[in-house]
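I have placed the structure first, in the form of structure tokens, so that the comments after it can refer back to it.
The values are calculated or read from the model by the stated rules, or taken from the named source; none is laboratory data. Every value quoted in this text rests on a predicted model; they were computed, and no experiment measured them. Cβ atoms come from the backbone with ideal geometry, glycine included; neighbour counts cover every protein chain shown. Surface accessibility is based on the protein's heavy atoms, side chains included, excluding ligands, DNA and RNA. Shrake-Rupley method; radii C 1.70, N 1.55, O 1.52, S 1.80 Å.
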Amino acid sequence: MTWIETIAYDDAEGKLRKLYERFKGPDDNVDNIMLAHSLRPHTLEGHMGLYKVVLHHPGNTIDAWFLEAMGVLTSLLNRCEYCVEHHYAGMTRLLGDGERAASIRRALEAEDWDQAFERREAAALDYVRRLTREPAALGRGDIEALKKVGWTDGEILEINQVTAYFNYGNRTVLGLGVDTAGDILGLSPSSGDDPDSWRHR
């Protein structure tokens, strides 16, 4: 599950129990990435708050499936199997098309955007790759390239934030040895700007 001690749902008390109640999935399931934070509930709260607003806030204008696809790419680049599998499952559910999802995954794994993406999406994926692999090499030209194919400044911020979040999430998982044992893959909270609403879909 993880390389450090964690507190199970049944053993949680106080603030941690309240957070588990808020974030849990069906049958009181708490994902292992959440359990990894259990010794410091305040970091669990911060992590899940960031996750929700980056991927599932109604103020986002980029399609949720593509936000997930960018997260899958970031996780593939970091070799974070946990996040790849969770968010590939989420992307597949959002698309409602297993064949298309599989073709997208193949394109992401090959880093060959032409297999499954439009030019505008490909430019975003180029940025995701550069921000993950060589962030200090980015310059104003990288942002201008995104604008040239039609991304707005607000959408560029969304692309940046989903990439930054997944790099954080990947390092949480990889650095603590989090695996998918017992997790339910692909669940996500319903979109909404209520930070306390975590009804899963």
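Couple of notes before you dig in:
- Close pairs (9 angstrom Cβ cut-off, 6 or more residues apart or separate chains): farther than 17 Å from residue 143 by Cβ in the stretch 107-125, open to solvent by 20 Å² or more (accessible area, probe 1.4 Å) and basic (Lys, Arg) anywhere: 111/129; 112/106; 113/119; 115/106; 116/100; 116/105; 116/106
Residues checked against (1) at pLDDT below 70; (2) under 18 Å from residue 89 (Cα atoms); (3) open to solvent by less than 50 Å² (accessible area, probe 1.4 Å); (4) of a type in the set (D, E, K, R):
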| residue | (1), (2), (3), (4) |
| --- | --- |
| 152 | no, no, no, no |
| 167 | no, no, yes, no |
| 182 | no, yes, no, no |
| 185 | no, yes, no, no |
| 194 | yes, no, no, yes |
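- Selection within the stretch 132-157 - under 16 Å from residue 68 (Cα atoms) and touching a residue at least 12 places away in the same chain (Cβ under 8 Å): 132, 155, 156
- Selected residue (criterion: nearest to residue 186 (Cα to Cα)) from residues of the stretch 20-44 that are of a type in the set (S, T, N, Q) and under 17 Å from the mean Cα position of the chain (by Cα): 32
- Per-region count, the stretch 141-150, residues aliphatic (A, V, I, L, M) and open to solvent by 40 Å² or more (accessible area, probe 1.4 Å): 2
- Looking only at the stretch 142-160, and only at residues there that are β-branched (Val, Ile, Thr) and not in a helix (DSSP H, G or I), the one that is nearest to residue 118 (Cα to Cα): 149
- Criterion violated by residue 25 - all others in (1) touching a His at 6+ places or on another chain (Cβ under 7 Å); (2) surrounded by 15 or more Cβ atoms within 10 Å (Cβ to Cβ); (3) modelled with pLDDT of 95 or more satisfied: (3)
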